[in-house]
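Below: one structure, written as structure tokens.
The values are calculated or read from the model by the stated rules, or taken from the named source; none is laboratory data. A quick note: this is a predicted structure, and the numbers were derived from the prediction, not measured. With ideal geometry, Cβ positions are generated from the backbone for all residues, glycine too; neighbour counts draw on all protein chains shown. These accessible areas exclude ligands, DNA and RNA; they are computed on the full protein's heavy atoms, side chains included. Shrake-Rupley method; radii C 1.70, N 1.55, O 1.52, S 1.80 Å.
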Amino acid sequence: MKKLALLLVAFVALYSCEQEPKVDYTLFSGKIDNPVGKNIIVLKGREAVKSIDLNDDGTFSDTLRVEPGYYAVRHGRESSSIYLNPGDNLNITLNPEKFDESIAYTGEGSANNNYLAAKYLTDEKLSGDFTKVFAMEEADFLAKITEINDAKAKLLNDMENISEDFKALEEKNLEFEHLINIQNYPSYHAYYGKKDGFEASDEFLKPLEDVDYTNADYYKSLINYKRLVQGHYSNRISESDNPSEVFDDIVKNGSEELKTDLSRMLNYDVAPNNANNEAYYNGLMAMSSDDEFKNKLTAKYDKVKKLAKGMPSPKFENYENHKGGTMSLEDLKGKFVYVDVWATWCGPCIREIPSLKAVESEYHDKNIEFVSVSVDRGSDYEKWMEMVNEKELGGTQLFADKTYKLFF
């Protein structure tokens, strides 16, 4: 009878274990010293997963129902990578005054995330000036990024209590990060090394030849693979003599997530200076299944077409002239017209003023009118008036007060 009772107890215990519900959430808590805001936000890519309110003392606690993977935590303007896994009980402490240096984790899942925090600091320490690294010649550049990659790999191997699943993912992440640097080198080196038309050697680019850019599982779980794939297709499209063929390939073979991401990325390339706008528009429309996005893209494309080379110039009418009165495009009929669109809040616009003055000086005796149109809001009218005087801006200075709706 005793044996039967023991068997029944064992059976009940085993049954209870099998029926115990699987934990599908992560416990996430922490404390922010000297907070600069009232919340901490968890993100997946650019999308907010959850905003968690802080208590008066900077503490917080909440549950996150998320799939295992890489996320980010943001407080104020700063953010940091984080790895979340259902079943973890993760606690974070940080101080915004020294955001990256102060991040520390405790609890279940802390080893994975303390590695991520340490990896960032290692990268920052060894990389130094980003622009100087990419200005290096091929051999020196490869030596530098290999040194950085090896240091992060050693950090991963030396860190105790890291989960095996996370370690395997991170090893792949480091591999793809190295390839991203190789992928970016030609364009970055041309810019930072001041070498127009630079092309990397075949030997340098060889590691990219064997990459499989169609792994949907990697694309979903590894941020560096996602960046590598996006860069690959973006480069193929921009460098192709027939972008439509590349778009067709993506539509046919790309994952839905890739097509969504590329649609959002390449939307910005539909612009007046793009000779392949029609191919981009048709390709993005074919890739996207988001009706709202497609409606906005169509509206943008219709405007961009009006600014294409060879099209009649959009007209402006009765814009206030800094020298007095108003001016319309019709008033300049018979002249070449150079239109510079700017605003007092636009840093790059301000930095371009010396260059614009130089061009004006070079063509001052030609049949050309230099027209600078401010798109400042009406509330910044006095600021516009003062800056034109202060910077001694030449040409014709007009005030549109259209708030980004110039000409349309």
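Within the stretch 201-212, is even one residue open to solvent by 30 Å² or more (accessible area, probe 1.4 Å), closer than 21 Å to GLN230 by Cβ and among the small types (Gly, Ala, Ser)?
Taking every residue of the stretch 201-212 in turn, none turns out to be open to solvent by 30 Å² or more (accessible area, probe 1.4 Å), closer than 21 Å to GLN230 by Cβ and among the small types (Gly, Ala, Ser).
If only one of SER244, SER238, SER255, SER263 is in contact with a Leu (Cβ under 6 Å, 6 or more places away or on another chain) and of a type outside the set (Lys, Arg), which one is it?
When all the criteria are applied, what remains is SER263.
Looking at (1) of a type in the set (Asp, Glu); (2) in contact with a Leu (Cβ under 9 Å, 6 or more places away or on another chain); (3) open to solvent by less than 50 Å² (accessible area, probe 1.4 Å), which one does GLU320 not meet, given that it meets all the others?
(3)
Run down VAL304, VAL371, VAL359 and say which single residue is outside any loop (DSSP other than H, G, I, E, B) and in contact with a strand residue (DSSP E or B) (Cβ under 7 Å, 6 or more places away or on another chain).
On inspection, the qualifying residue turns out to be VAL371.
Looking at the stretch 132-140, is at least one residue in contact with a strand residue (DSSP E or B) (Cβ under 8 Å, 6 or more places away or on another chain) and outside any loop (DSSP other than H, G, I, E, B)?
Scanning the stretch 132-140 turns up no residue that is in contact with a strand residue (DSSP E or B) (Cβ under 8 Å, 6 or more places away or on another chain) and outside any loop (DSSP other than H, G, I, E, B).
Conditions first: (1) in contact (Cβ under 8 Å) with a residue 40 or more places away in the chain; (2) part of a helix (DSSP H, G or I). ASN295 passes all but one, so which condition is the exception?
(1)
Could you tell me which numbered condition THR146 fails, if it satisfies all but one of (1) within 26 Å of ASP33 (Cβ to Cβ); (2) open to solvent by 50 Å² or more (accessible area, probe 1.4 Å); (3) assigned to a helix (DSSP H, G or I)?
THR146 satisfies all of (1) within 26 Å of ASP33 (Cβ to Cβ); (2) open to solvent by 50 Å² or more (accessible area, probe 1.4 Å); (3) assigned to a helix (DSSP H, G or I) except (1).
Going through GLU170, GLU175, GLU101 one at a time, which residue ends up being over 19 Å from LEU222 (Cα atoms) and either in a helix (DSSP H, G or I) or at pLDDT below 95 (or both)?
On inspection, the qualifying residue turns out to be GLU101.
Can you name the residue in the stretch 149-178 that is open to solvent by less than 20 Å² (accessible area, probe 1.4 Å) and within 18 Å of the chain's Cα centre (by Cα) and is also farthest from ASN112 (Cα to Cα) among such residues?
Applying the filter and picking the extreme gives PHE176.
Just give me the residues in the stretch 332-356 being in contact with an Asp or Glu (Cβ under 9 Å, 6 or more places away or on another chain), outside any strand (DSSP E or B) and under 13 Å from PHE370 (Cα atoms), in sequence order.
LEU332, LYS335, LEU356
Would you mind finding the one in TYR191, TYR219, TYR185, TYR225 that is open to solvent by less than 40 Å² (accessible area, probe 1.4 Å), modelled with pLDDT under 95 and either in a helix (DSSP H, G or I) or not small (Gly, Ala, Ser) (or both)?
Going through TYR191, TYR219, TYR185, TYR225 in turn, just one is open to solvent by less than 40 Å² (accessible area, probe 1.4 Å), modelled with pLDDT under 95 and either in a helix (DSSP H, G or I) or not small (Gly, Ala, Ser) (or both): TYR219.
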